[in-house]
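The values are calculated or read from the model by the stated rules, or taken from the named source; none is laboratory data. Here the structure is a predicted model, which is why all the values come from computation and not from measurement. Please note: Cβ atoms are built from the backbone with ideal geometry, for glycine as well, and neighbour counts cover all protein chains shown.
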Amino acid sequence: MAGQARHAASGRADPASAKRVWDSPALPLGDTSAAATQRVVRKLVLPGVEVLEQRFHWEAGDTMSVAYEKIELHCRLEPYTLQVRIWVEPGQEYPLGRVSLLPGGRRFHGRAGTKSEDVRTICCRFDRSWLARQIGTDLDWDAIDPATLLDFQHSHIERALRRLAEEVVSQGEHSKAMGKLLCQSIVIDLARFFARAEPQAKLARDQMTRIKDLLSMAEGPLPSASDIADELGLSLGHLRRLFRNTNGQTLHAFIEDARFAKASALLIETNLPLKVVSFLTGFGQHSTFSYAFKRKFGQSPKDYRRQLQ
């Protein structure tokens, strides 16, 4: 995925460089003027996984947008509580738990609270193919509720991560051997956790028809995934799983296709201002709409309209 987050090497990262890492160009941030800074303090390299001690600094009101290349399992060592809020889709914000599991390629956005916060974490950065081999399957991350990932509550995994932090901070003769054992226990617990996932249930035909109607017949802004879940009386995570099982496509991708189809029709068939088209297609900010449209069609909305009208 373009603009995937790259992490600084051990030692203090240049603040401007750190901001460029977090203010990722893969998705414009609109009015964003600042981003959280990050640095890697220490690391322990093991087969299939890097264990990193990291420090983040959030100024009050900071924002960030990031998509990791690999799967990252974070445990916040300090502070105990955090004001930062995280979201995948606009309007659906979640608190960041002490442990969070962030799949590679999925974009997360964050906003600091009303005060500056310094955060210290331990992170297991897993190679995706290695992790899939260890747990016996390549998980469908898009179908997992973001609330589960961002506040990943598992006491055994949290304890193992905190023990890993001790090994990284005070590395000695047997730290790699202990690190391997701790990472293996974490992987086993992850495999057990996701093995409890529900069977391959699917959407009923009338539910799928309802989703299509909500997107095709909307007179105002297109509904979000959360809006659709509310209409169907399902939790967002459950709807995502059912939709993927039914269509082999994520709900997010399906909604994006509907947004672009409506945007194309409005640009060709009407003279509505681009800001209005952006609003009606659910992109919110005009800059986000223009960037996404150009990435999809290879030209700006203005040029697309001029060419086809």
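If you go through the range 219-248 and keep only what is in contact (Cβ under 8 Å) with a residue 24 or more places away in the chain, among the small types (Gly, Ala, Ser) and outside any helix (DSSP H, G or I), you end up with Gly220, Ser224, Ser235.
Let's see how each residue does on (1) touching a residue at least 60 places away in the same chain (Cβ under 8 Å); (2) buried (at least 18 other Cβ atoms within 10 Å of the Cβ); (3) touching a Pro at 6+ places or on another chain (Cβ under 9 Å):
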| site | (1), (2), (3) |
| --- | --- |
| Cys75 | yes, yes, no |
| Tyr80 | no, no, no |
| Trp87 | no, no, yes |
| Pro95 | no, no, no |
| Gly105 | yes, no, no |
| Val119 | yes, yes, yes |
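Take the residues in the range 128-153 that are buried (at least 17 other Cβ atoms within 10 Å of the Cβ) and part of a loop (DSSP other than H, G, I, E, B); name whichever of them is modelled with the highest pLDDT. It comes out as Phe152.
Of all residues in the range 247-301, those satisfying the criterion of being among the aromatic types (Phe, Trp, Tyr) and either within 24 Å of Asp140 (Cβ to Cβ) or in contact with a strand residue (DSSP E or B) (Cβ under 7 Å, 6 or more places away or on another chain) (or both) are Phe254, Phe260. Pro223 fulfils the conditions (1) at pLDDT 90 or above; (2) more than 27 Å from Trp141 (Cβ to Cβ) except for a single criterion, (2). Criterion applied to Leu280, Leu181 was being assigned by TED's automatic domain parsing to the domain that holds His156 and over 26 Å from Tyr94 (Cβ atoms), and the one residue passing it is Leu181. One residue stands out among those in the range 230-259 that are surrounded by 15 or more Cβ atoms within 10 Å (Cβ to Cβ) and touching a Phe, Trp or Tyr at 6+ places or on another chain (Cβ under 9 Å): the one that is farthest from Ala201 (Cα to Cα), which is Arg259. For the residues Leu215, Leu236, Leu203, the requirement of being at pLDDT below 90 and within 28 Å of Pro103 (Cβ to Cβ) singles out Leu236. Identify the residue in the range 163-197 that is more than 27 Å from the chain's Cα centre (by Cα) and among the acidic types (Asp, Glu) and, among all such residues, is farthest from Val49 (Cα to Cα). Restricting to residues being more than 27 Å from the chain's Cα centre (by Cα) and among the acidic types (Asp, Glu), the top hit is Glu173. Across the range 274-309, the qualifying residues are those that are farther than 15 Å from Lys262 by Cβ and of a type in the set (Gly, Ala, Ser), and the one among them that is surrounded by the most Cβ atoms within 10 Å (Cβ to Cβ) is Ser290. Across the range 77-111, the number of residues qualifying as of a type in the set (Phe, Trp, Tyr) and more than 21 Å from Leu52 (Cα to Cα) comes to 2. Remark: Ala67 falls outside the filter, which requires a residue to be modelled with pLDDT under 95 and either of a type in the set (D, E, K, R) or not in a strand (DSSP E or B) (or both). Against the conditions (1) surrounded by 12 or more Cβ atoms within 10 Å (Cβ to Cβ); (2) closer than 30 Å to Leu280 by Cα, Thr209 satisfies every one except (1). Would you confirm, using the coordinates I've provided, whether Ala147 is touching a residue at least 40 places away in the same chain (Cβ under 8 Å), in the same structural domain as Cys75 (by TED's automatic domain parsing) and closer than 17 Å to Cys75 by Cβ? No.
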